[in-house]
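*Asks:* Here's a structure for you.
Values in this text are rule-based calculations from the coordinates and carry no lab data. None of the values given here were measured: they were computed from a predicted structure. Don't worry about glycine lacking a Cβ; one is built from the backbone with ideal geometry, like all the others, and counts go over all protein chains shown.
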Amino acid sequence: MKDIRFDGRVAVITGAGGGLGKTYALTLAARGARVVVNDLGGGKDGTGAGTSMADQTVKQIVEAGGEAVANYDSVATPEGGEGIVQAALDHFGGVDIVINNAGILRDKTFAKLEPADLESVLDVHLKGGFYVSQPAFRAMKDKGYGRFIFTASAAGVLGNFGQTNYGAAKMGLVGLSNVLALEGAKYNIRSNVIAPIARTRLTEQLLGPMAVALDPECVTPLVVYLVSEQCELTHQILSVGGGRFARMFVGLTPGWFAGKGAKPAPEEVRDHMDQIRDPQGYIIPDGIADEMKIMLQQLQG
Ligand code: NAI
């Protein structure tokens, strides 16, 4: 198979001033993409702003012979999202790839979580995914091509102590991507989720001795493949970090069918709980239709 290239393609990468996003920007540009390097340039808790982070990534791309433009809008507002995509349209005439990567942390245990910690984290991660992706989706739909990545986290898909706000926002992105994958299918628009683990400013104090093996560059190859023309995958969640690549998924067990329209006693549900939960013979639905099909078959006997 041919090498993966991005000549003629335009990529928008949010939060590309540092950490994981910067590695995506450098690699996509080195492989021919024209890149909008978005970064608000603030602190890891979402406070502050500045231009130097995005500028630094652009400088590195240009020095290496690539093409990129900086954008300093926040993903956390509808205007910011529009502005980021407009930068791609204005400078490069289109948008083919969106990597939703910008992120912040406001970790607190649930009992101590303040409304402001919830709002800022939902705004950047979850609403940011909507604000940037919607104008891009409209442009991609017209063109009949698009590749989306949403950055979730094991903290949401699996759960992690002290991260209710972050976990909920990240799992929300799984829902967004799953629906986008279905709505985008007929326009050749693919949407996938990654749950990365890497040593960046967000995690450097959290990873302990594992940190040494967790270069952000270990995540980059998967993301580059997923946003390429060669990748036909959609509706996926992939876990990646430190040299390991794996699939995460939502599965559906065969469960227990109590009978058409049955209303069993709670005790009967209790007594069938092992069967309900038994993963033997599970499926991985590609959408709600797959579950409805099973229900229909059971209801029709
Ligand atoms: P990072 O802090 O180096 O990168 C995040 C970037 O987003 C920063 O450069 C920051 O300035 C930018 N940003 C923050 N708020 C923004 C806003 N409103 N608008 C535009 N840019 C904004 O951290 P890292 O680790 O590279 O994170 C990238 C993504 O990966 C985040 O979504 C994070 O939640 C996610 N992630 C990272 C993990 C890890 O192990 N590093 C684990 C799971 C998820």
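*Asks:* In the P(r) worked out for segment 251-301, what percent of Cα pairs fall beyond 17 Å?
*Replies:* Roughly 42 percent, rounded to a whole number.
*Asks:* Please report the projected area of the chain's Cα convex hull averaged over all directions, in nm².
*Replies:* For the chain, averaging the hull's shadow over all directions gives 18.8 nm².
*Asks:* Going through the cross-link list 22/141; 22/108; 22/143; 112/263, which pairs have a Cα-Cα distance over 32 Å in this structure?
*Replies:* 112/263, as the Cα separations exceed 32 Å there.
*Asks:* Angle between the Cα long axis of helix 164-184 and the longest principal axis of the chain, 0 to 90 degrees, nearest 10?
*Replies:* Helix 164-184 sits roughly 90 degrees off the main axis of the chain.
*Asks:* Here's another thing I want to ask about it. Under a GNM of the chain (C-alpha, springs under 10 Å), which listed residue has the highest mean-square fluctuation: 137, 161, 150?
*Replies:* Fluctuation is largest for 161.
*Asks:* Taking the Cα centroid of segment 99-160 and of segment 34-94, what is the distance between the two, rounded to the nearest whole Å?
*Replies:* Segment 99-160 and segment 34-94 have Cα centres separated by 17 Å.
*Asks:* Here is a further query. Step through the table entries 2/59; 44/170; 2/170, compare each Cα-Cα distance with 23 Å, and write down the pairs that go over it.
*Replies:* Table pairs above 23 Å Cα-Cα are 2/59; 2/170.
*Asks:* If I fit a long axis through the Cα atoms of helix 128-143 and take the longest principal axis of the Cα atoms of the chain, what angle between them do I get, 0 to 90°, rounded to 10?
*Replies:* Taking the Cα atoms of the chain, the angle to 128-143 is about 80 degrees.
*Asks:* Going by average Cβ density within 10 Å per residue, which order do the peptides 167-175, 268-276, 225-233 take, highest to lowest?
*Replies:* In decreasing order of mean packing, 167-175, 268-276, 225-233 become 167-175, 225-233, 268-276.
*Asks:* Among 255, 15, 103, determine the one that fluctuates most according to a GNM of the chain built with springs between C-alpha atoms less than 10 Å apart.
*Replies:* 255
*Asks:* Nearest 10 degrees, 0 to 90: what angle lies between the long axis of helix 78-92 and the longest principal axis of the chain (Cα atoms)?
*Replies:* The helix 78-92 is inclined about 50 degrees to the chain.
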